[in-house]
Amino acid sequence: MASAERGMSAPPEVVFNTAIDPDRMSAWLPEPLRADGRPATDIRPAELTARWRASGDWTAEIRVDPADAGGAWIRLDLTGGTADRLVDEALEDLAQAVADNLQAG
């Protein structure tokens, strides 16, 4: 399993809702997890956690927590193929998707 964490200067709910939005998942989830276009298999809005599973051994789990000044702290755990190489890139792509979402709204 590969893990990465980072902060974002967006409210936790915005980060979480962007992450689980089926129309935005392809912008940040690694290809093996978005290939079939299915939404997260386990979404827990009260805890701001979600999990995706794909065929093979690929999984992703995200947890969003409140951070100082109204921001968010995100932890992403990936398992599968090249997860070590993709986990930081996926969080960077999620940060860009959140920024795009904020600019659109």
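The values are calculated or read from the model by the stated rules, or taken from the named source; none is laboratory data. What you see is a predicted model, and the numbers here were worked out from it, not measured in a lab. Note: ideal-geometry Cβ built from the backbone for every residue, glycine included; neighbour counts use all protein chains shown. The accessibility values were calculated without ligands, DNA or RNA, using every heavy atom of the protein model including side chains. Shrake-Rupley method; radii C 1.70, N 1.55, O 1.52, S 1.80 Å.
When the range 46-87 is filtered for residues that are touching a residue at least 60 places away in the same chain (Cβ under 8 Å) and within 15 Å of the chain's Cα centre (by Cα), the ones remaining, listed by number, are ALA72, TRP73, ILE74, ARG75, LEU76, ASP77, LEU78, THR79, ALA83, LEU86, VAL87.
Taking first residues from the range 9-34 that are under 17 Å from THR49 (Cβ atoms) and partners that are surrounded by fewer than 17 Cβ atoms within 10 Å (Cβ to Cβ) and aromatic (Phe, Trp, Tyr), the Cβ contacts under 9 Å between residues at least 6 apart in sequence or on separate chains come to PRO12/TRP73.
ALA40 - would you say it is touching a Lys or Arg at 6+ places or on another chain (Cβ under 8 Å) and in a strand (DSSP E or B)? Taking the combined requirement at face value, the residue does not satisfy it.
Can you tell which of ARG44, ARG53, ARG63 is among the charged types (D, E, K, R) and more than 20 Å from VAL14 (Cα to Cα)? Break it down stepwise before answering.
Details: ARG44 fails: more than 20 Å from VAL14 (Cα to Cα); ARG63 fails: more than 20 Å from VAL14 (Cα to Cα).
Answer to the check: ARG53.
Only one entry in ALA83, ALA95, ALA54 is surrounded by 13 or more Cβ atoms within 10 Å (Cβ to Cβ) and touching a helix residue (DSSP H, G or I) at 6+ places or on another chain (Cβ under 6 Å), namely ALA54. Restricting to the range 1-37, and then to whatever is of a type in the set (Gly, Ala, Ser) and part of a loop (DSSP other than H, G, I, E, B), can you tell me which residue is surrounded by the most Cβ atoms within 10 Å (Cβ to Cβ)? The residue in question is ALA10.
Listed conditions (1) touching a strand residue (DSSP E or B) at 6+ places or on another chain (Cβ under 9 Å); (2) assigned to a loop (DSSP other than H, G, I, E, B); (3) over 17 Å from GLU5 (Cβ atoms); (4) open to solvent by 50 Å² or more (accessible area, probe 1.4 Å) are all met by GLU47, apart from (3).
Residues of the range 57-71 that are aromatic (Phe, Trp, Tyr) and open to solvent by 90 Å² or more (accessible area, probe 1.4 Å): none at all. With respect to being buried (at least 18 other Cβ atoms within 10 Å of the Cβ) and either over 25 Å from PRO11 (Cβ atoms) or under 10 Å from the mean Cα position of the chain (by Cα) (or both), ALA90 fits the description.
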